[in-house]
1. Under a point spin-label approximation (7 Å from Cα along Cα-to-Cβ), what is the residue 29-residue 89 distance to one decimal in nm?
2. Order these by the 10 Å Cβ neighbour count, fewest first: 53, 43.
3. Mean residue ellipticity at 222 nm from the helices of the chain, using -39,500 (n - 2.57) per DSSP H segment of n ≥ 4 over the full residue count, to the nearest 500 deg cm²/dmol?
4. Could you tell me the relative contact order of the chain? Use alpha-carbon pairs under 8 Å, at least six residues apart, and round to a whole percent.
5. Out of all DSSP beta bridges with both ends in the stretch 2-92, state the antiparallel percent to the nearest 5.
6. Can you give me the Rg/Rh ratio for the chain, using Cα atoms for both radii and the Kirkwood formula for Rh?
7. What angle, in degrees between 0 and 90 and rounded to the nearest 10, separates the Cα long axis of helix 61-74 from the longest principal axis of the Cα atoms of the chain?
8. Each label point is 7 Å from the Cα along the Cα-to-Cβ direction; what then is the distance between the points at residue 22 and residue 77, in nm?
């Protein structure tokens with residue numbers, strides 16, 4: 001999830017001409033083991049996900065918000081989590 005977020009940010013920033021000097025994403029998930037169908041052993045399932053996006057930029061707040069909105073709209077792994085009704089908290093700093 002963090003790798004997908006990073007790639008999405010880099011590609012969108014490049015397309016927008018958004019200038020930044022440093023970028024990293026920290027991610028963590030909560031996992032619970034739930035029984036699978038049949039006689040299989042319990043399998044891990046994500047129950048929550050959190051990411052902190054640290055980006056250094058002199059861009060305006062409007063451009064910064066535009067980047068955030070585009071990333072939220074286009075990151076495919078984040079979309080998978082959201083489509084599965086898994087809460088994903090993203091904190092942009």
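1. 1.8
2. On the way: 53 20, 43 12.
Result, fewest neighbours first: 43, 53.
3. Working: 3 runs with 37 residues, N = 93.
After summing the helix terms and dividing by residue count, I get -12500 deg cm²/dmol.
4. Working: 132 pairs, mean separation 31.6, N = 93.
Relative contact order here is 34 percent.
5. Working: 13 of 18 bridges.
Among the beta bridges of the stretch 2-92, antiparallel pairing accounts for roughly 70 percent.
6. Working: Rg = 15.9 Å, Rh = 14.5 Å.
Dividing the radius of gyration by the Kirkwood radius yields 1.10.
7. 30
8. Result for the modelled spin labels: 2.3 nm.
Every read-out reported here was derived from the displayed coordinates using simple, explicitly stated rules and does not represent laboratory data. On a predicted model such as this, the values are computed, not experimentally measured, just so you know. A quick note on method: Cβ atoms are made from the backbone with ideal geometry, for glycine too, and the neighbour counts reach across all protein chains shown.
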